[in-house]
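One structure below.
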Amino acid sequence: MASSSLQRSEGRRADQLREVAITRGYTDAADGSVLMRMGRTMVLCTASVQEAVPSWREPSGLGWVTAEYEMLPASTGQRRPRSRPLPDGRATEIQRLIGRVLRSAVDMAKLGPRTIWLDCDVLQADGGTRAAAITGAYVALADAVRQLRRQKRIAASPVIAPVAAVSVGRVKGRLLLDLDYREDSAAEVDFNVAMTGSGRLVEVQGGGEGSTFARTELDRMLRLAARGIRQLIARQEQALAGRKR
């Protein structure tokens, strides 16, 4: 891993997360809602419970968790057109990733024949939006599950384990944790890593950007990501132990 004495433009160490803030209860109508901040990146994550599942899921009697992701028009420096009627390719890929990761955190039998929709809307983007969406969406999902239990619509929590995600990469020969946009755009190699609270990998997504990397580098990047994810999961737990906004 790069020396922790190396400085980045934000004054962070190579192995240091950006400032993290998780605000629960950010909106009133959703079953769970979180404003997730990682540095200058801000994602509004909401969880909505629907008492139905897709038709192909009905025979199983199991529940379902799915996600949608969108970058709002003014989330970047130049206005992005809305991706209606369908998300663009990047948004589709990211929302599938979010859904896969969050499904790993849920026992679908305990959830029962209902769907939890996770909507992740990027309010401001400065790199790491998919990682921030996953990390915030878990907290929104946990709040939605708490509401189901309070309403006695489920007997036990279907949440198996916390999950979170972070980016990691090699920039100018240095391995860095939690890349902002400037770092991500200059990265020779970058990954998005999602893990459970016990350190089990859910997804590793990435590769070289015009560069190759050694297996030993990959192992070091995964260790660096694990360090960041442990901290993010601790922040999730702190948020869930506190009061809503």
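Values computed for the structure shown
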{"read-out": "Residue satisfying condition, being β-branched (V, I, T), surrounded by 15 or more Cβ atoms within 10 Å (Cβ to Cβ) and in contact with a Cys (Cβ under 9 Å, 6 or more places away or on another chain), within set V163, V189, V159, V139", "value": "V139"}
{"read-out": "Every residue from region 172-186 that is at pLDDT 95 or above and hydrophobic (A, V, I, L, M, F, W, C)", "value": "L175, L176, L177, L179"}
{"read-out": "Boolean, D178 is buried (at least 21 other Cβ atoms within 10 Å of the Cβ), among the acidic types (D, E) and closer than 28 Å to D15 by Cβ", "value": "yes"}
{"read-out": "A14 being farther than 30 Å from R243 by Cβ, surrounded by 12 or more Cβ atoms within 10 Å (Cβ to Cβ) and of a type in the set (A, V, I, L, M)", "value": "yes"}
{"read-out": "Members of region 21-34 that are crowded, with 21+ Cβ neighbours inside 10 Å and hydrophobic (A, V, I, L, M, F, W, C)", "value": "I22, A30, V34"}
{"read-out": "One residue from V193, V202 being of a type in the set (A, V, I, L, M), modelled with pLDDT of 95 or more, in contact with an Asp or Glu (Cβ under 9 Å, 6 or more places away or on another chain) and within 23 Å of R100 (Cβ to Cβ)", "value": "V193"}
{"read-out": "Pairs where the first residue, in region 220-233, is surrounded by fewer than 21 Cβ atoms within 10 Å (Cβ to Cβ) and the second is of a type in the set (A, V, I, L, M) and in a helix (DSSP H, G or I), C-beta under 7 Å, 6+ apart", "value": "none"}
{"read-out": "One residue from V145, V53, V139, V101 being touching a Gly at 6+ places or on another chain (Cβ under 9 Å) and closer than 16 Å to A165 by Cβ", "value": "V139"}
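The values are calculated or read from the model by the stated rules, or taken from the named source; none is laboratory data. What you are looking at is a predicted structure, and each value in this text was computed from that prediction instead of being measured. Positions of Cβ are backbone-derived with ideal geometry, glycine not excepted, and every protein chain shown enters the neighbour counts.
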